[in-house]
There are 2 protein chains.
Amino acid sequence: MYIGIDLGGTNIAGGLVVDSGDIIKKTSVPTDPSRGADAVIADILKVIYSLLEGLEPNVVKGVGIGIPGIADPHTGEVIACVNLNWYHVPLKDRLQTAIDLPIYIDNDATVAAVAEFSVAQQGKYSNAVMLTLGTGVGGGIILDGKAISGHHGIGSELGHMIVGEGLYDCNCGRNGCLETFVSSLAIIRYAKHLLIETPESLILEYAKGDWDQINGEIIFKAAMLKDPVAVKVIDRMVKYLAIGIMNTVSFIDPEIVVLGGGLANAGDFLLDKVKTTVEALKYFKATDCARVELAKLKNDAGIIGAAMYAKIQD
Amino acid sequence: MYIGIDLGGTNIAGGLVVDSGDIIKKTSVPTDPSRGADAVIADILKVIYSLLEGLEPNVVKGVGIGIPGIADPHTGEVIACVNLNWYHVPLKDRLQTAIDLPIYIDNDATVAAVAEFSVAQQGKYSNAVMLTLGTGVGGGIILDGKAISGHHGIGSELGHMIVGEGLYDCNCGRNGCLETFVSSLAIIRYAKHLLIETPESLILEYAKGDWDQINGEIIFKAAMLKDPVAVKVIDRMVKYLAIGIMNTVSFIDPEIVVLGGGLANAGDFLLDKVKTTVEALKYFKATDCARVELAKLKNDAGIIGAAMYAKIQD
C-alpha cells in the first residue's frame, strides 16, 4: 500500500492506494500557495499523517507526490512550479526529516501517465505517452515500462515543445509552446481574439455575454453546433494537437498516445478530429503509428498515479 | 568483429570493424539508386562478400546497415527511403537468404549516434542525442545506453519534428519540419530567397555569380565575415536549431546533444551561436540542461556506427 499526494494549485489531495490502484482512504486540504512553501509543506505532512493514522507500521511502503511543475526525481527537489511560485524547493528533504518512508516526487502529468498505463490500461503498453489538456498541457512518457523524466528532471514537458508562432507568450516566457495552442487557456484566449471581430457567436450566448465566463466546455459545446467562431478555435487547437502528437511519434514513436485532462471531456468529438488530422500528418502513410485514445482514468488520476509511481520506483 | 554498411544515396560504403570501433578494411561502390532495389541489394551483398573474403568463418559476428530513411529494426524492413525511392523493401529478408550472419538495420543517423557515443565518446553518456545536419537532418537517440527507434521503427526522426511555418514544404510532404530550417538545403533555399531582393552579397561573390554553386560552406564563410544576408540566414538556422534542441530537452532531457553532419564543420562559429541561443531559450534558468557539443567522430561514422549497432544488438 502506498500514499499518493496530488499537489495542485488549489488543493493538496491525498489517498491511501492499494497495489491494484484502488483508493481506500482519501483526504484533501486547500493549498493556498500565497502562504508560502513552509505552510504548504506543513499541510502536506498533515495530509500524510492523517492517512497513516490508525494503520499498523510497515503497512505503507512509500509516498509518491505529483507536483504541478518540474521536479528532479533523483533529488526530490522541486525545480520550478509557476502556479505555486516555488523555485528550487527541496521538498523531499523537507518531508524526509519528518517521515521515515521512501518519498518519490515527479511531475503531475508523469504520475497521471503512470496511473493511466499501469492501472487503467493494466500495463498493456510499455511505450506510451499521455498528454493532459487542462489549463496548461502536461506530458508523461513511459518507455520500457518506466516513467521518463530525463537526466536533469526536466524531460516529459511536452506542453513546452515549440510548434509554431503563438498568439501570446507562454507563462514559461517563450513563444510557441504547445500549451499556448491546445490548453483551455489557449482556446479561451484565441476565442476572445476572434470574438472581438465576430461577437455574434454561440460562445458569448452560452457565456451570457460575460467574457469572463467563457471556458473550454462552452467553446466545445458551440463547436458541436457548428458555430463558426468555435469551429475555427477547435480546428486550430486540433491542428496543433496533431502536430504535438506527430512530434511525439518523430521522437519516441510510442504504441499509444492518450489524451487526458479537462478538455478531453469533449470525448469522441475531439478524438475523431484529432485522429483524422494525425492521419493526414503521417508522412509514411502505409505504416502504423501511435493509436490515439482518450484516457480511461477520469478521477483521482493524480493520487493514484503518485502512489503507483512510488510503487514502481520502490 | 562486425561488418558495417553505410547505404547512402551516392555510395554503398562498407567496412570490417573491430570491437574497439576501428576499421581494418574498407570498400565502396556507387549506389546508383535509379537501377532499382534489386541491383542495389545485389551490390550490398557484393560489398559484404568482399569484406568477408579471406577471413576465417565465425570471425565476423554480424552485419549492421545504416539506411538513409525509416527502417523497422524488428523486421529489418526499409519502410521509406525517399533518396533511394524505396518503400517497404524487406532488406533484411532479402540479404538473409544469401548470408548466414545476424543482420541489423536502422536509420543512418541512429547508427551515427551509436558510433559517436559508444566509440568517440567512449560510452560516457547513457542518455544522449545526436543531430546530423546534412542535406537533410537526422536524429539518433540513446536512452539507458540503447538506440531508440520506437514501437513501429519510425522514432528518432528528429528532422521531421514540426517547429514552425516553413518557406517550402519538406520532402515528406508536410510543412514546418526542422530540416526545412536547419539543413544545408534549407539554408541554401533561404539564402536564395533573400538574394533575389539583395543580390549584393559575399555569398554570390564566393559562388562566382553562379546560383547553383551556393552551398552551406559558402554561406558560413560569408556569415563569418558578417555579410548581412549570410548572417540573417545563419541566425534563422540557429534559432530553429536551438528550438529543436530545446524540444529534445522537453521530451527526453538528455545529458548531451551532439551536432554532426556537414554543416557541423562550421565548428565553434556555429556551436557558440547555438549555445547562446539555447541558453536564452531555457525557461528554468538556474537548472542545467543538455550540453551541446560538436560530434567528435568526423569520418566513417556511418560504417563504424552500423557495425557497433550490430554489436550492441547482438
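What follows is calculated from the coordinates using simple rules that are stated; it is not laboratory data. As the structure is a computational prediction, the values presented were derived from the model and not from experiment. Backbone-built Cβ (ideal geometry, glycine too); neighbour counts: all protein chains shown.
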statement: Length-normalised contact order of segment B:124-294, Cα under 8 Å, at least 6 apart, in percent, tallies to 23
statement: With Cα coordinates, the longest principal axis of chain A makes an angle with the long axis of helix A:301-313, in degrees rounded to 10, of 50
task: Nearest 5 is fine: what % of DSSP beta bridges in the protein assembly as shown come out antiparallel, could you say?
output: 60
Student exercise, the protein assembly as shown dipole from Lys, Arg, Asp, Glu Cβ charges, in Debye to nearest 20: 400
- request: Could you compute the FRET efficiency for A:Asn175 and A:Asp235, with r as their C-beta to C-beta distance and R0 at 30 Å, rounded to 0.05?
  value: 0.90
task: List the residues whose amide H sits under 5 Å from the amide H of A:Gly166, counting only those 5 or more places along or on another chain, with H placed 1.01 Å from N in the peptide plane.
output: A:Gly176
query: Over segment A:122-294, what per residue volume does the convex hull of the Cα atoms give, in whole Å³?
result: 121
- prompt: In segment B:141-226, what trypsin sites (Lys or Arg not before Pro) fall in a loop by DSSP, with at most 10 other Cβ atoms inside 10 Å?
  reply: B:Lys208, B:Lys226
statement: Quick calc, B:Glu56 & A:Thr276: beta-carbon distance into FRET formula, R0 56 Å, rounding 0.05, result 0.45
- prompt: Among all stretches of chain B without exposed GluC sites (Glu not before Pro) (DSSP loop, at most 15 other Cβ atoms within 10 Å), which one is longest?
  reply: B:201-314
task: Report the paramagnetic label zone for B:Thr75: residues of segment A:287-313 whose backbone N is under 13 Å from a point 7 Å from Cα along the Cα-to-Cβ axis.
output: A:287-289
- prompt: If contacts are Cα pairs under 8 angstrom and at least 6 residues apart, what is the relative contact order of chain A in percent?
  reply: 21
- line: Shortest first and in nm, the label-point separations between B:Glu205 and its counterparts in the other identical copies (7 Å out along Cα→Cβ) come to 6.6
- prompt: To the nearest 10 degrees, how steep is helix B:37-52 against the longest Cα principal axis of chain B, on a 0 to 90 scale?
  reply: 70
statement: For chain A, the percent of all C-alpha pairs falling in each 10 Å bin, from 0 up to the bin holding the max distance, is 6, 27, 32, 23, 10, 2, 0
message: Please check: in the Gaussian network model of chain A (C-alpha springs, under 10 Å), which one of A:Ile188, A:Ile48, A:Ile252 has the largest mean-square fluctuation.
response: A:Ile252
message: I need B:Leu101, B:Leu241, A:Leu202 ordered by Cβ neighbour count within 10 Å, fewest first.
response: B:Leu101, A:Leu202, B:Leu241
task: Starting from the Cα of B:Glu165, step 7 Å toward the Cβ, then list every residue of segment B:176-196 with an amide N under 12 Å from that point.
output: B:176
query: Which distances, in nm and shortest first, link the B:Ser34 label point to the same label point in every other copy, taking 7 Å along Cα→Cβ?
result: 7.4
statement: For segment B:60-202, percent of DSSP beta bridges that are antiparallel (nearest 5) comes out at 75
- request: Check each of the trypsin sites (Lys or Arg not before Pro) in segment B:1-68 and keep only those in coil by DSSP with at most 15 other C-beta atoms within 10 angstrom; list them in order.
  value: B:Lys61
- line: Helix B:268-281 sits off the longest principal axis of the Cα atoms of chain B, rounded to the nearest 10 on a 0 to 90 degree scale, by 70
statement: Between A:Lys26 and A:Ile196, Cβ-based FRET efficiency (R0 35 Å, step 0.05) works out to 0.20
message: With the alpha-carbon atoms as the only input, what is the per residue convex hull volume for segment B:123-162 in Å³?
response: 76
- request: Could you pull the copy-to-copy label distances for A:Ile312, with points set 7 Å along Cα to Cβ, in nm to one decimal and sorted shortest first?
  value: 2.2
query: When chain B is treated as a GNM, springs tying every alpha-carbon pair under 10 Å, which of B:Ile99, B:Ile234, B:Ile12 comes out with the largest mean-square fluctuation?
result: B:Ile99
- prompt: Anyone know which of A:Thr180, A:Thr276, A:Thr110 comes out most mobile in the 10 Å Cα GNM of chain A?
  reply: A:Thr276
query: Given that compact globular proteins tend to follow 2.2 N^0.38 Å, what is the ratio of the alpha-carbon Rg of the protein assembly as shown to that value?
result: 1.02
- prompt: Of all chymotrypsin sites (Phe, Trp or Tyr not before Pro) in segment B:120-182, which ones are in loop regions per DSSP and have a Cβ with at most 13 other Cβ atoms within 10 Å?
  reply: B:Tyr168
